[in-house]
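Participant: The structure's right below; bear with me while I get my questions together.
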């Protein structure tokens with residue numbers, strides 16, 4: 001029976017999904033030396049110091065300078081058949097929805113098939129090995145990010161019922177994917193001298209260079225080694241739940257406008273931004289005066305006076321605008337299912353997106369001139385005072 005997590009299991013509602021929810025990632029290291037004998041590792045806690053010597057700590061995590069963390073679980077045996085996997089985005093996602101995990105409990109399986117599939121590969125005679133980039137740790141091997149990574153991996157593997165080896169690269173060096181350093185270290189030092197049969201082995205990762213992928217490092221890693229490559233959708237089926245928030249959410253250009261990754265989505269992004277600005281404006285008290293609607297979202301006095309429901313609507317639509325702005329693929333009626341997996345994009349947002357794609361505007365933006373042109377900026381917003389004056393013209 002696998003050990004229980006070392007803290008109470010959290011619900012997804014326990015996490016804050018605010019715009020500032022992005023945290024940092026975590027990494028490991030590699031070298032040509034033999035696996036070191038157990039040496040007392042540097043004490044965790046306090047100010048992290050750069051570690052230059054190999055060691056194994058009291059929890060059986062080993063470090064190989066300059067940047068490789070690794071550990072074996074449940075006594076894996078040498079094998080020439082390797083089922084290799086990336087970690088984040090492939091086996092697990094964050095429960096919080098943040099791009100990088102907030103703590104050691106911030107994970108959920110990619111879908112319900114993952115644990116059973118890994119167990120099945122073990123029963124078929126494969127050795128399960130995980131290779132992960134964790135650049136957030138960098139050289140602070142004894143720091144908080146490193147301890148978070150090690151605790152999180154321990155908890156993830158505890159929910160599996162099979163032997164596993166894990167390697168994590170913490171710097172941008174030869175250990176970091178797409179470079180093959182982690183794999184080479186594993187082959188030389190952690191597989192009992194048995195050279196893997198590449199034709200009988202494989203690697204699964206989500207960074208495959210597809211239009212919506214953040215990188216192609218997993219695919220390039222497999223190609224550099226000569227391993228057959230697969231993506232998690234083909235290996236496990238469709239991902240369950242929402243995708244993590246993208247990096248650079250709400251990124252702004254020189255004029256303060258959202259930077260839109262795909263110009264074809266600009267009209268849609270601006271429509272959601274305008275819905276947000278209108279909500280902030282409508283929720284403000286009458287003494288808002290003649291401020292521009294867009295100013296209501298940022299002026300401290302007006303923000304304090306805003307109606308909570310309107311403020312929530314404004315914040316939610318502003319967040320959706322940021323998520324859509326970061327999405328690199330042209331949004332169409334044919335890929336709404338995939339768009340609906342983005343963090344913060346719920347059924348209500350999908351209905352608005354569908355309405356915009358079919359009509360070129362949103363009904364709640366009545367009176368706002370043509371937003372239909374995909375890639376065109378939304379029209380300049382009028383102040384409340386000017387809008388009221390127009391009624392008397």
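The values are calculated or read from the model by the stated rules, or taken from the named source; none is laboratory data. Quantities reported herein were computed from a predicted structural model and do not represent experimental measurements. Positions of Cβ are generated from backbone atoms using ideal geometry, with glycine treated the same way; all protein chains shown enter the neighbour counts.
Participant: Based on what the data block shows, is residue 111 at pLDDT 95 or above, farther than 21 Å from residue 227 by Cβ and under 18 Å from the mean Cα position of the chain (by Cα)?
Facilitator: yes
Participant: Is it the case that residue 79 is in a loop (DSSP other than H, G, I, E, B), touching a strand residue (DSSP E or B) at 6+ places or on another chain (Cβ under 8 Å), farther than 21 Å from residue 215 by Cβ and in contact (Cβ under 8 Å) with a residue 24 or more places away in the chain?
Facilitator: Criteria met by residue 79.
Participant: Take residue 55 and tell me if it is in contact with a strand residue (DSSP E or B) (Cβ under 7 Å, 6 or more places away or on another chain), in the same structural domain as residue 122 (by TED's automatic domain parsing) and modelled with pLDDT under 95.
Facilitator: For residue 55, the condition - in contact with a strand residue (DSSP E or B) (Cβ under 7 Å, 6 or more places away or on another chain), in the same structural domain as residue 122 (by TED's automatic domain parsing) and modelled with pLDDT under 95 - is met.
Participant: Follow-up question, since we're still on this one. Of the residues 229, 236, 272, which is under 24 Å from the mean Cα position of the chain (by Cα), under 20 Å from residue 356 (Cβ atoms) and at pLDDT 75 or above?
Facilitator: None of the other options fit; the residue is 272.
Participant: Based on this model, can you work out whether residue 98 counts as crowded, with 20+ Cβ neighbours inside 10 Å and not in a helix (DSSP H, G or I)?
Facilitator: When the stated conditions are applied, residue 98 passes them.
Participant: Something else: Could you say whether any residue in the stretch 45-52 is touching a strand residue (DSSP E or B) at 6+ places or on another chain (Cβ under 9 Å), at pLDDT below 95 and not assigned by TED's automatic domain parsing to the domain that holds residue 319?
Facilitator: Scanning the stretch 45-52, I find at least one residue that is touching a strand residue (DSSP E or B) at 6+ places or on another chain (Cβ under 9 Å), at pLDDT below 95 and not assigned by TED's automatic domain parsing to the domain that holds residue 319, so the answer is yes.
Participant: Next up: Is there a residue in the stretch 221-240 that is in a loop (DSSP other than H, G, I, E, B) and without any contact (Cβ under 8 Å) to a residue 24 or more places away in the chain?
Facilitator: For the stretch 221-240, residues in a loop (DSSP other than H, G, I, E, B) and without any contact (Cβ under 8 Å) to a residue 24 or more places away in the chain: absent.
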